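J.: Got a structure here, written out as structure tokens. Questions coming.
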Amino acid sequence: MPSPAPMSSALCGSSRLICTKYASMIRERSSDDVFFVFQTFIRKNVRLSECSRDGVPMAFYDLKCHGYEDYKALTAELVGRIWSLKRAVNY
């Protein structure tokens, strides 16, 4: 059985509706034992581009920007899923 391969929801800007529909379509057609789609969306914003351009981690650049908060939420979701998978394997 292959291990689940994470799949992040697309970076969403003004076309969030398209991203949401695309992610819903993938969830409907996928099975959780092959890969999973995260619920978290990473919103596009200028601050993310700036910290990438300057080579500075988001955590040191702007803790209040939407991009930082979105990646923090994605990390929490990933850690939660890892713990869920670990508990399922151990039981």
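J.: Using modelled amide H (1.01 Å from N, peptide plane; none on Pro or chain starts), what sits under 5 Å from the amide H of Ile42, excluding residues fewer than 5 places away?
T.: Amide H neighbours of Ile42, under 5 Å, 5+ apart: Cys12.
J.: Cα atoms only, segment 50-91: Rg and Dmax in Å?
T.: 14.6, 46
J.: Once you have the Cα-Cα distance between Asn90 and Glu28, take 0.36 nm times their residue separation minus that, and quote the gain in nm to one decimal. If you can, show how the numbers build up before the last one.
T.: Values: separation 62, 0.36 × 62 = 22.32 nm, distance 2.80 nm.
Residue separation times 0.36 nm, minus the Cα-Cα distance, leaves 19.5 nm.
J.: Quote the FRET efficiency, to the nearest 0.05, computed for Val79 versus Ile18 with a Förster distance R0 of 30 Å and r equal to the Cβ-Cβ distance.
T.: That gives a FRET efficiency of 0.60.
J.: Quick one: net charge around Ala59, please, counting Lys, Arg +1 and Asp, Glu -1 for every other residue with C-beta under 15 Å from its C-beta. It would help to have the intermediate numbers written out before the result.
T.: On the way: positive: Arg47, Lys64, Lys72; negative: Glu50, Asp54, Asp62, Glu69, Asp70.
Neighbourhood net charge equals -2.
J.: Hey, what do the phi angles of segment 54-60 turn into as Karplus ³J(HN,Hα) couplings, whole Hz, using 6.51/-1.76/1.60 and θ = phi - 60°, x for Gly and Pro?
T.: Couplings: 7, x, 10, x, 3, 4, 9 Hz.
J.: Kindly rank 39-49, 56-66, 79-89 from highest to lowest mean number of other beta carbons found within 10 Å of each residue.
T.: 39-49, 56-66, 79-89
Since every read-out is calculated from the coordinates, none of them should be taken as a lab result. As the structure is a prediction and not an experimental result, all values here were calculated from the model. When we count neighbours, we look across all protein chains shown, and the Cβ atoms used for this are built from the backbone with ideal geometry, even at glycine.
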